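The values are calculated or read from the model by the stated rules, or taken from the named source; none is laboratory data. No experiment lies behind these values; they were computed from the predicted model shown. Note that we place each Cβ from the backbone using ideal geometry, even for glycine, and neighbour counts take in every protein chain shown. These accessible areas exclude ligands, DNA and RNA; they are computed on the full protein's heavy atoms, side chains included. Shrake-Rupley method; radii C 1.70, N 1.55, O 1.52, S 1.80 Å.
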Amino acid sequence: MAQKNERNQEASVYIGNLDDRVTDELIWELMVQAGPVVNVHLPKDRVTKSTQGYGFCEFQSAEDADYAVKIMNMVKLFGKPMRVNKSANDRKLLDVGAKLFIGNLDPDVDEKLLFDTFAAFGPLVQNPKIARDAGSGNSKGFAFVAYASFEAADMAVEGMNGQYLANKPVSVNYAFKKDAKGERHGSAAERLLAAQARKNDPASVAYSTASGGW
């Protein structure tokens, strides 16, 4: 049995993309709906004392943590969809460049629907990103999804391209690289690098062939 000052990784969830106004108490009240909570920790800035946009919640059991991931991921707090996933698994996700562009989005499609739909093909390394108008917040009709593996991304392209989300058929393809004219993600070189990264360092936090861009 783990000591009280040691967080049980298997029963803990990572919570990211949090608004500055989110407090430990708010996260506790939200997460207790999934099961008994042992501890909530939101790291704070030493000077301003404000939260840093992420935190952890420990439950009494791994089953409760799994349930929290299912029902709480992409729930909006102060207008921002929070990311909730298992802490123990978070460090194993690799950003290998398996990034997809989803076009022709219906205005009613939100981040949670995209996550629920595309996570069925494999682990995502970050929340789906819907391009939104800075003023109105309305969707611009396209989004990006990044997978931890090209195998999952390939299945998503095959399974979702042309399928209906809400009332419109979406187009799904590998996204164009941010700084490479006309070159898409999913190249043979990227796939080779991803395979090497997994072989050499399967537990690395992040391995990016995209230099931080899409």
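Residues that are part of a strand (DSSP E or B), closer than 20 Å to LYS177 by Cα and open to solvent by 30 Å² or more (accessible area, probe 1.4 Å) within the stretch 122-148 comprise LYS129, ARG132, LYS140, PHE142, PHE144, listed in sequence order.
Quick one: would you say LYS76 is out of contact with any strand residue (DSSP E or B) (no Cβ under 7 Å at 6 or more places or on another chain) and under 15 Å from ILE15 (Cβ atoms)? Criteria met by LYS76. Residues satisfying the criterion are present in the stretch 143-166 (criterion: modelled with pLDDT of 80 or more and at positive phi). Name the single residue, out of those in the stretch 136-181 being among the aromatic types (Phe, Trp, Tyr) and out of contact with any Lys or Arg (no Cβ under 9 Å at 6 or more places or on another chain), that is nearest to ASN85 (Cα to Cα). By that ranking, first place goes to PHE142. Check whether at least one residue in the stretch 65-78 is under 17 Å from VAL32 (Cα atoms), at pLDDT 85 or above, touching a helix residue (DSSP H, G or I) at 6+ places or on another chain (Cβ under 9 Å) and assigned to a strand (DSSP E or B), and report yes or no. Yes, the stretch 65-78 has at least one match.
In the stretch 82-95, the condition of being touching an Asp or Glu at 6+ places or on another chain (Cβ under 6 Å) and modelled with pLDDT under 90 is met by at least one residue. For the stretch 149-156, the count of residues that are touching a residue at least 60 places away in the same chain (Cβ under 8 Å), surrounded by fewer than 21 Cβ atoms within 10 Å (Cβ to Cβ) and in a loop (DSSP other than H, G, I, E, B) is zero.
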